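Structure first, commentary second.
The values are calculated or read from the model by the stated rules, or taken from the named source; none is laboratory data. None of the values given here were measured: they were computed from a predicted structure. Note that each Cβ is placed from the backbone with ideal geometry, even for glycine, and that neighbours are counted across all protein chains shown.
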Protein chains: 2
Amino acid sequence: MPSREDHPVITLHDARVLVVDAAFTEHARGWLRVQGTLIVGVGAGDPPPLPDGQSEQRIDVGGDLLMPGLVNSHCHLPMTLFRGLGEDVDDRLFRYVLPLERRCITPDTVRTGTELAAIESIRAGVTTLADMYWFERTIGEVLDAAGLRGLVGQTLATFQTPDQGSIDEGFALVDELVERFAGHPRITASIAPHAPYSTGIEVMQRVADWHAAHPDIPVQLHLAEMVSETEWAAREHGCRPVETVDRAGLLGPGLIAAHCLFLTEAERDLLAERDVRVAHNARSNAKAGRGIAPVEALRARGIPVGIATDGPMSGNTLDLFAQFGPVAMFQKLAGGSRAPMPAREVIRMATLEGAAVLGLDRCIGSLEVGKQADLIRIRLDDPRVQPVWDVYATLVFASAACDVRDAMVAGRWLMRDRQVLTLETPRVLADVAQVARAFGAEMIRLDGETP
Amino acid sequence: MPSREDHPVITLHDARVLVVDAAFTEHARGWLRVQGTLIVGVGAGDPPPLPDGQSEQRIDVGGDLLMPGLVNSHCHLPMTLFRGLGEDVDDRLFRYVLPLERRCITPDTVRTGTELAAIESIRAGVTTLADMYWFERTIGEVLDAAGLRGLVGQTLATFQTPDQGSIDEGFALVDELVERFAGHPRITASIAPHAPYSTGIEVMQRVADWHAAHPDIPVQLHLAEMVSETEWAAREHGCRPVETVDRAGLLGPGLIAAHCLFLTEAERDLLAERDVRVAHNARSNAKAGRGIAPVEALRARGIPVGIATDGPMSGNTLDLFAQFGPVAMFQKLAGGSRAPMPAREVIRMATLEGAAVLGLDRCIGSLEVGKQADLIRIRLDDPRVQPVWDVYATLVFASAACDVRDAMVAGRWLMRDRQVLTLETPRVLADVAQVARAFGAEMIRLDGETP
């Protein structure tokens, strides 16, 4: 293996730099230096010269913003293929989503949907994501080829899934996934029991046992998302959903809990006590009419909360910028004041705190020396964002995914000037069109009419 | 004046056409024909040939969407200059916004701020807007030059404003505005008492008298926006804000009421009875932590409700696409279900119903023969929106302002391929930068620290 000195050096200069460290350091005009996969320098003013003889590639970013790549802390990538289906209909999961998946989801459609999702994510400045779905090995392979970073969570459920005939088969898929990505620098396998109501305490117990033997593998779970879930826990176990997870022994430091809408004060305390981390799906929850997650209350207890898009059949896109406004607005609405959830906290959640949710904050999430070079470059010259008085407010309330110009993961450019470099966009869009045509007939059969 | 036959004909074909008529007519592959300022044909399939000898310009839009231009039913355009200032601070109006305006707002800064706003609006597919601000004549002149359509409302208030030393002077500005734009085909003067609490019943009575003499001039008013307003009405008049407007004789068919958050059931009924129309500022209201306007309840009573951005110091942008998601989500949140506010209703509010709020629905708001040719062309080939199963859901939850390719008002192209044709964007951005530098010192003096 070559020594670090052999790796090429890239120095980005004349940049506005948001470090997103504990002090929210901002360089109005600064620079950042990458060597190999790592950030090796960052600062204000002009970049210092390199030691004698070392060459570098210098890139003038012309006042654009450099910031850490965004972290999407919960999604179902292949559901890009279903975006816009089943809108405005309550009680969709069992009536609509799962039958659709059983008919349409195969390794091939998963591949195509994930390729589309990867392109969309890169173009929105997302460099790391946590996915949970079916045929997760395929998803991991696509993310790897796309150059993205992520957790890939093989989902387990007791209902009939597209990829497993039994829970035993589900665990076999998990084991295969873990083996496939063992030691991978960017792709981390994860085990994802679907939800308390869709696995039951026994399966969650088995996951807890499995997790005890694999303590480094994160667990992903939908939790406290639906009223029907609360009713299930009361009816079946005489308790609340969080307690079913706790009884199963799964409520611990390895757990990433998505949604967490319906929580009592005691449950919030318990999540904090057990070092659970939370993925907040603002738009998806609101579109479902379910409510506003108590994000301020959870963060006040020290619980890391990341921002998430959920699957595109629920939230329609994988665009984290489209979440920023809602994340802020919902907490202000819930608090009855402008004060909750200031813009810079939203940006922290989308980067460093999202990385902490995924257990990756020592590796990514801020532009600090020694971290992986996962970063995005954002233009600030669109008339829609000018003038820039407060760059965090600009990012949260005025910027858009299309302002992301470049994206880098582990020192590798995934996008330059809005062109994704790691996937062939026209070929993927053609594949998507073909899959959508094939889906057409299934859609009609499902509900008796074209959805 | 030339006869209509002398006007050039433009035929757009191979378009997906959203008519936004009562039946929500959609042509999966269709065409639209413009002659002079008017839509003279629209339909499915291929455009029929013109009568012998008539020439036309044919434009293949390659499957892009054609739909009516968007209507922003309430804004304060020059406040683009203040976007991102005073974030996360409660009680801003008297502590922050008004002092800032007194120091910084002149005809020159209004011109620059409005030029920036016009560019931003056109690029977001907004072709018609209702503004209320100071130095409104200048705003009308900029909108006219930009080729936009709009109501321009000279604001009146009893607090010290940047443009009037007394209410008499305010009325003089209104009269001047009305004279300036009399008979203008696109710019309509409007009278805009600021709000009940900031004008008082006597001034509102004087506006009502003035309006009785000018029944065709729309009235714009902030109404039922703040808890402090409800407290003012109770304290000063022993009633609710809506009743103060009613006592003044101003609650009638000419009134466009912005916000309408805090309304009793009886007040909702009264607004419907009096043919008042409402501008809904979803993001602005939510960012202020004020609440969710009862849009479903108002529309159920037959009240036309338009979508609005409010000023960019409150809502940060003039991008109506950024409102679509919140408009839908907030009603679903308030209703506790996915069912309220289906996507196509959001699109109706942003077009035909918004036009009705402004009193322009016989002239614009849908792509029907005989209406003004105010339309936008939107690309549907971005990976973020593909595949398109439900084009209304696509527009509301996945599309973005940057997808708007072309914009036309009254048969004139204001933008082609994202280039605004009626204003020089680089010159305007340079002017904005200069104004922002000049503002800098004022900002520092205002709060003792840089905002």
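There is no residue in region B:69-79 that is within 11 Å of another protein chain (Cβ to nearest Cβ) and closer than 20 Å to B:LEU318 by Cα. Of all the listed residues (B:SER73, B:SER166), the sole one being modelled with pLDDT of 95 or more, hydroxyl-bearing (Ser, Thr, Tyr) and within 13 Å of the chain's Cα centre (by Cα) is B:SER73.
Applying the condition of being at the interface with chain A (Cβ under 7 Å from one of its Cβ atoms) and not charged (D, E, K, R) to region B:300-321 and asking which residue is farthest from B:THR128 (Cα to Cα) yields B:ASN316. Considering only residues of region B:269-291 that are over 19 Å from the mean Cα position of the chain (by Cα) and within 13 Å of B:ALA224 (Cβ to Cβ), which is farthest from the other protein chains (Cβ to nearest Cβ)? Within region B:269-291, the match that is farthest from the other protein chains (Cβ to nearest Cβ) is B:LEU270.
Note on region B:58-70: residues that are within 14 Å of the chain's Cα centre (by Cα) and aliphatic (A, V, I, L, M) amount to 1. One residue alone among A:GLN154, A:GLN160 is surrounded by fewer than 23 Cβ atoms within 10 Å (Cβ to Cβ), touching a residue at least 12 places away in the same chain (Cβ under 8 Å) and polar (S, T, N, Q), and that residue is A:GLN160. Applying the condition of being charged (D, E, K, R) and over 17 Å from A:SER73 (Cα atoms) to region A:274-295 and asking which residue is surrounded by the most Cβ atoms within 10 Å (Cβ to Cβ) yields A:LYS287.
Residues being charged (D, E, K, R) and either without any contact (Cβ under 8 Å) to a residue 12 or more places away in the chain or more than 28 Å from B:PHE397 (Cα to Cα) (or both): count how many of those fall in region A:251-298. Of the residues in region A:251-298, 7 are charged (D, E, K, R) and either without any contact (Cβ under 8 Å) to a residue 12 or more places away in the chain or more than 28 Å from B:PHE397 (Cα to Cα) (or both). Please go through region A:322-340 and give me each residue that is within 21 Å of the chain's Cα centre (by Cα) and more than 8 Å from chain B (Cβ to nearest Cβ), ordered by number. Selection gives A:GLN323, A:PHE324, A:VAL327, A:GLN331. Within region B:356-405, count every residue that is among the basic types (Lys, Arg) and buried (at least 20 other Cβ atoms within 10 Å of the Cβ). The total comes to 3.
Using the structure shown, decide if B:ILE167 is in contact with a Phe, Trp or Tyr (Cβ under 6 Å, 6 or more places away or on another chain) and free of Cβ contacts under 8 Å to residues at least 60 places away in the same chain. Against the criterion (in contact with a Phe, Trp or Tyr (Cβ under 6 Å, 6 or more places away or on another chain) and free of Cβ contacts under 8 Å to residues at least 60 places away in the same chain), B:ILE167 does not qualify.
When A:GLU225 is tested against (1) touching a Ser or Thr at 6+ places or on another chain (Cβ under 8 Å); (2) assigned to a loop (DSSP other than H, G, I, E, B); (3) surrounded by 24 or more Cβ atoms within 10 Å (Cβ to Cβ), only condition (1) is not met.
For beta carbons closer than 6 Å, sequence separation of 6+ or different chains, a first residue in region A:89-114 that is more than 30 Å from A:GLU424 (Cβ to Cβ) and a second that is at pLDDT below 90 and not aliphatic (A, V, I, L, M), the qualifying pairs are A:ARG92/A:GLY86; A:TYR96/A:GLY86. Would you please name the residue that is nearest to the other protein chains (Cβ to nearest Cβ), looking only at residues in region A:349-389 that are touching a Pro at 6+ places or on another chain (Cβ under 7 Å) and charged (D, E, K, R)? Of everything passing the filter in region A:349-389, A:GLU353 is nearest to the other protein chains (Cβ to nearest Cβ). Can you find a residue that is out of contact with any helix residue (DSSP H, G or I) (no Cβ under 9 Å at 6 or more places or on another chain), in a strand (DSSP E or B), surrounded by fewer than 18 Cβ atoms within 10 Å (Cβ to Cβ) and not small (Gly, Ala, Ser) anywhere in region B:14-29? Yes.
Within region B:173-181, one or more residues are part of a loop (DSSP other than H, G, I, E, B) and farther than 19 Å from B:VAL278 by Cβ. Taking the criterion of being hydrophobic (A, V, I, L, M, F, W, C) and in a loop (DSSP other than H, G, I, E, B), the residues of region B:231-248 that qualify are B:CYS239, B:ALA248.
Within region A:406-419, residues that are in contact (Cβ under 8 Å) with a residue 12 or more places away in the chain and within 15 Å of A:ILE39 (Cβ to Cβ) have Cβ atoms under 9 Å from residues that are assigned to a loop (DSSP other than H, G, I, E, B) and among the polar types (S, T, N, Q) in these pairs: A:VAL409/A:THR37; A:ALA410/A:THR37; A:GLY411/A:THR37; A:ARG412/A:THR37; A:ARG412/A:THR422, counting only partners at least 6 apart in sequence or on another chain.
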